[in-house]
Amino acid sequence: MQELLANIKSDARFEQCSVSASISEDGIVTLEGSADSWRHVVDIGHLAASFPGVVNVVNHLSAEGVRIEKSDNTQRIREARKRGVIASADVVIVGAGISGCGIARELSKYDMRVIVVERNADVSEEATKANNGDIHPGHKAKPGTLKAKLNVRGNELYDKWQEELGFELVRCGQVNVAYSEEDMRGLEKIYHDGIANDVPGVRMLTKEELLKMEPEVPGDPMGGLVAPTMGVVEPFQVCVALAENAAENGVEFMLSTELLDIQVMEDGRFQAVTEKGILDAAYIIDCAGIHADEVAQMVNDEFYTLHARRGGIAIFDKRVTGPYHHAMSAMPRKKDAESKGGGYARTPEGNILVGPSAVEIPDKEDKSMEESDFDYAYDRGKSIYPELDRRDVIAMYAGIRPADYKEDFIIQMSGKVHGFIHVAGIQSPGLASAPAIAEMVEGILKEDMEASGRTVSVREDYKPKRRPQVQFRRLSHEEQDALIRENPKYGHIICRCEQITEGEILDVLHSPVVPTTVDAIKRRTRAGMGRCQGGFCQPRVVEILARELDKDWTQINLKGRGAYILERRSR
Amino acid sequence: MKTIQVDLAVIGGGPAGLAAVAEAKRQGIGRVVLIERDLELGGILQQCVHDGFGLHRFQKRMSGGQYAEAFIRDVEATDACIQDNTMVLEITPDKKIYAVNETEGMLLYECRAIILAMGCRERTRNQVFIYGSRTSGVLTAGAVQRYINMEGYLPGRKAVILGSGDIGLIMARRMTLEGMEVEGVYEVMSSPGGLTRNIVQCLEDYDIPLHLSTTVVKAHGRERLTGVTVAKVDENRRPIPGTERYIDCDLLVLAVGLIPENELSRGAGIEIDPRTQGPVIDQNFMTSIDGIFAAGNVVAVFDLVDYVSETGEIAARGAARYLKEQKEGNKEGHSAHTYKNVTAGEGVNFVIPQKVAAGELTQDMAFYLRVKKPDERVVLSCRMGDETLAKKKERFVAPPEMLVSRVQAGCCVDNDLTVEVRKEVPHER
């Protein structure tokens, strides 16, 4: 520790910082004190994590001028406790992002009661919906990390997920382009990492091979790198599909339900105190994304701290198709150390997507897209496709990556509180790794259950295939005609830009995980996702939601609580 | 799939489409179908409860609905087929239209001529790069108008309006009359975007401030909008650091411009003018595909509905002539003519039509144009080489107000044309 502190002291960057550090027997460093900026809080955390023997870092440093408000939940917990135990489950999963939904769906094949609690009004509302949808091959993960292992395994498992769940997956492959000797050295390192990580098919390209593969690469490239297993998905589609299939197999989803506290009972079971009442559970799986460390603190198991890294993305009009078959990336000119640098890809629906940026921010809830995020993302796109025009941008958004200071995934049974499973630090490539994460957690849980003498049996009625969804826009005119004759509601176009019908909206309203907001309808059907961004169809979607959910128009929200669209009736 | 043969299909039952159908029937075109996606005809006019429509055409002040009604009566008096509640999905280059509705499923129209009249859509926050969080409480002016006037709901209590185009100004007044507070209207340009009469009647009469050279740079809030940051901009429309001001509000209304809705046109392979974002047209409003015409805001964004109706009629007359030539076995469309280009000259942002068939003009021809910047005492002229085909003086011009230059029948077009706006020389006659 003295060496770490000396290092911080001698670093000119940290002149204004006052830091003390301690290390526990199991290699957890705890940092206390203050820094002069948030950037330095994060840098010191990373510095501590890089020391040999350090397993993880709890970072309690405060930053000058940064006040992070913590809400006092005492009163809400008291209210919630009064409601008593409302359900008893084998497993309570906290958080319905890609990790939580993936695990829920994996466990849904067993004869056990699983409940997922999610504070937002829908699944996939946080990091899952706001990432670029890359199913990374795994060559950009550091060899030897859990990330590297799960990334490669997850990528491989995606075909099975796709086949069973019916979301769009395009295996486009990824090409990285080098313009300088330095770029070439960078790519060679990635290549060697790819080999070390057992990434299938990854190889260096000569200039000629590169231009044969992608003739429209601009400028004078020196060479490149290809990773053929790269895929792209619409990430929210995957998450919704997992949740729906899990629910079809009996998993219960409690949406708009915030977890407030967890109590470990004398018999080793848990009482998860939610705003709707107490859930009694044998196991708790913490998939709470950026808030996972706070959930772990509820059972006094604090051995890592998450820091929020914002990523901004821009989406272009489908009309702009671009010249490439692969997801593309030139080596970034400026790059955050922990980002893969972002790039250019086409989503399965055909929109060009650029980004994401990578900015460390103190406020875990701040999903504000800044000009600097756009400029970074746009530059990533322009560097490989100079004709890209900002006037064709149809949407911009930012998401928060939940990163720990080791910059690796944390997936393990708690060493302190038996029955509490950590699934934390699931930042990129969390989406690509999701099937492997689910598999790993299933293994941890099953092993533990069997060790305690419980038999874990697969249900006879388990259905791994999700009910297929009608997608009017993808049918031929003849098929569309036949469909409308079956159900006239498919003949009523609600979203003009994406050609989404009332029939499709009614279908998803009968899903086992009912969407109740305009954004939830958008993620399930694409209504409002096109170039006019819901300008025309939003009133129609509000009307359908109000009618089908038997609510007044003023009760229909864009997203969760407080995101009302209409304030009151006019005169 | 039900297949229907028609002489003319008009897509869109707003002001351009209605005028086109009425004129097409007056011209004697046989089987005419009007395809409208909504339940009722009139397009966006139906949500315009304010008056000020029809001053040119009817010499009186009408509401949007009243103006539409006058045309709907004309159309309903004809034998044109009104196919409402029907959405066009695709137009092919050989003039087939695929459209759907709930009762008939997929319809295939085989057309001899088509008039595109799909209108325009509004630009969104992303197209004007308003950064910040994605909350509820950020709506386009058209959506606000729809919620208030058609659905009977108010989308907030205190609004900031970005954009001083007419719809922004009209909504400032409307929201005030509905008991909402309008904090102000912000305009990135140094001059207002809307008509002068609307500045007076919608803002000044209600003490709503207009802030020029100022824009909204950021939206704040987690779930619902809680405020916006505005900033002054420099001459390149870039925000000036240090001029930011936070405004507390729960609604941001965007009146930041309109874009012609040409996804169907692009699908058919029609040439689009990057300037207007509408099809390149000739003096009959025919697009780059023989027999496919376009009218109204799908061609370029007009401000006055009177002009929109006029272009519907021009396109319908063009379609009638095209069908007549075709029937008589004459050469028609592009193969029958050589075309001369019309270019936007000094002071002109864009001009339509973009091309004219060479030869003697058999009837008066209108050029519609927008100037680049506000000016006073200018001369608007249409030149062909050294020859001036039309010329008129304008006391005051500004980009929001579309100008019309009319060249008389009988002029012979044998060279490219230039339309320009120059400062008046004092002794010029």
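Taking segment A:555-571, which residues are surrounded by fewer than 17 Cβ atoms within 10 Å (Cβ to Cβ) and more than 7 Å from every other protein chain (Cβ to nearest Cβ)? Within segment A:555-571, A:Q555 is the sole residue that qualifies.
For the condition hydrophobic (A, V, I, L, M, F, W, C), outside the structural domain of B:K355 (by TED's automatic domain parsing) and more than 28 Å from B:F71 (Cα to Cα), what is the one hit in B:A268, B:A319?
Details: B:A319 fails: more than 28 Å from B:F71 (Cα to Cα).
The match here is B:A268.
I'd like the full set of residues that are of a type in the set (K, R), within 15 Å of B:V6 (Cα to Cα) and under 24 Å from the mean Cα position of the chain (by Cα), limited to segment B:59-102. Correct list: B:K95 only. Consider segment A:258-289 and keep the residues that are crowded, with 22+ Cβ neighbours inside 10 Å and of a type outside the set (A, V, I, L, M). The one that is farthest from the chain's Cα centre (by Cα) is A:F270.
Counting residues that are farther than 19 Å from A:H325 by Cβ and in contact (Cβ under 8 Å) with a residue 40 or more places away in the chain, which helices (runs of 4 or more DSSP H) fully inside segment A:131-239 reach at least 2? Helices (runs of 4 or more DSSP H) meeting the threshold: A:146-165, A:181-196.
Filtering segment B:381-429 to residues that are among the hydrophobic types (A, V, I, L, M, F, W, C), in contact with a helix residue (DSSP H, G or I) (Cβ under 8 Å, 6 or more places away or on another chain) and buried (at least 19 other Cβ atoms within 10 Å of the Cβ) leaves nothing. Scanning segment B:103-135 for residues that are within 7 Å of chain A (Cβ to nearest Cβ), part of a strand (DSSP E or B) and under 24 Å from B:V188 (Cβ atoms) turns up B:R121, B:E122, B:Y131, B:G132.
Suppose the filter is in contact (Cβ under 8 Å) with a residue 60 or more places away in the chain, touching a Leu at 6+ places or on another chain (Cβ under 9 Å) and not assigned by TED's automatic domain parsing to the domain that holds B:L116; does B:A344 pass it? In short, yes. Looking across segment B:239-256, just one residue is of a type in the set (V, I, T), surrounded by fewer than 24 Cβ atoms within 10 Å (Cβ to Cβ) and not in a loop (DSSP other than H, G, I, E, B), and that is B:I247. Among residues of segment A:548-571 that are more than 25 Å from A:K489 (Cβ to Cβ), those with a beta-carbon under 7 Å from a residue that is in a loop (DSSP other than H, G, I, E, B) and among the basic types (K, R) at least six positions away or on a different chain give the pairs A:E567/B:R157.
Taking the criterion of being in contact with a helix residue (DSSP H, G or I) (Cβ under 7 Å, 6 or more places away or on another chain), farther than 30 Å from B:K2 by Cα and aliphatic (A, V, I, L, M), the residues of segment B:103-156 that qualify are B:V138, B:A141, B:A143, B:V144, B:I148, B:M150, B:L154. Candidates are the residues of segment B:259-281 that are away from chain A (no Cβ under 11 Å) and in a strand (DSSP E or B); the one that is surrounded by the most Cβ atoms within 10 Å (Cβ to Cβ) is B:P279. Screening A:D507 with (1) more than 7 Å from chain B (Cβ to nearest Cβ); (2) acidic (D, E); (3) more than 25 Å from A:P235 (Cα to Cα) gives one miss only, at (3). Regarding B:E204, is this residue away from chain A (no Cβ under 14 Å) and surrounded by fewer than 18 Cβ atoms within 10 Å (Cβ to Cβ)? So B:E204 fits the description; yes. Only one of the listed residues (B:R31, B:R61, B:R57) is at pLDDT 95 or above and away from chain A (no Cβ under 14 Å). That residue is B:R31.
Please specify each residue of segment A:482-531 satisfying the condition of being hydroxyl-bearing (S, T, Y) and part of a loop (DSSP other than H, G, I, E, B).
Within segment A:482-531, the subset hydroxyl-bearing (S, T, Y) is A:490, A:501, A:511, A:516-517, A:525.
A:S511, A:T516, A:T517, listed by residue number.
Summed over segment A:95-130, the residues that are in a loop (DSSP other than H, G, I, E, B), over 20 Å from A:T347 (Cα atoms) and touching a helix residue (DSSP H, G or I) at 6+ places or on another chain (Cβ under 8 Å) give a count of 7.
Quick one: how many residues across segment B:83-102 are closer than 12 Å to B:S265 by Cα and more than 8 Å from chain A (Cβ to nearest Cβ)? Give the derivation first.
As a first pass, look at segment B:83-102 and keep what is closer than 12 Å to B:S265 by Cα: B:88-93, B:95, B:97.
When the remaining residues are screened for being more than 8 Å from chain A (Cβ to nearest Cβ), the result is B:88, B:91-93, B:95, B:97.
Selection size over segment B:83-102: 6.
The numbered conditions (1) surrounded by fewer than 23 Cβ atoms within 10 Å (Cβ to Cβ); (2) in contact with a Leu (Cβ under 6 Å, 6 or more places away or on another chain); (3) in contact (Cβ under 8 Å) with a residue 12 or more places away in the chain; (4) closer than 25 Å to B:Y186 by Cβ are all true for B:L154 except (2).
The values are calculated or read from the model by the stated rules, or taken from the named source; none is laboratory data. Source: prediction; values computed, not measured. Heads up, the Cβs are rebuilt from the backbone with ideal geometry, glycines too, and the neighbour counts pull from every protein chain shown.
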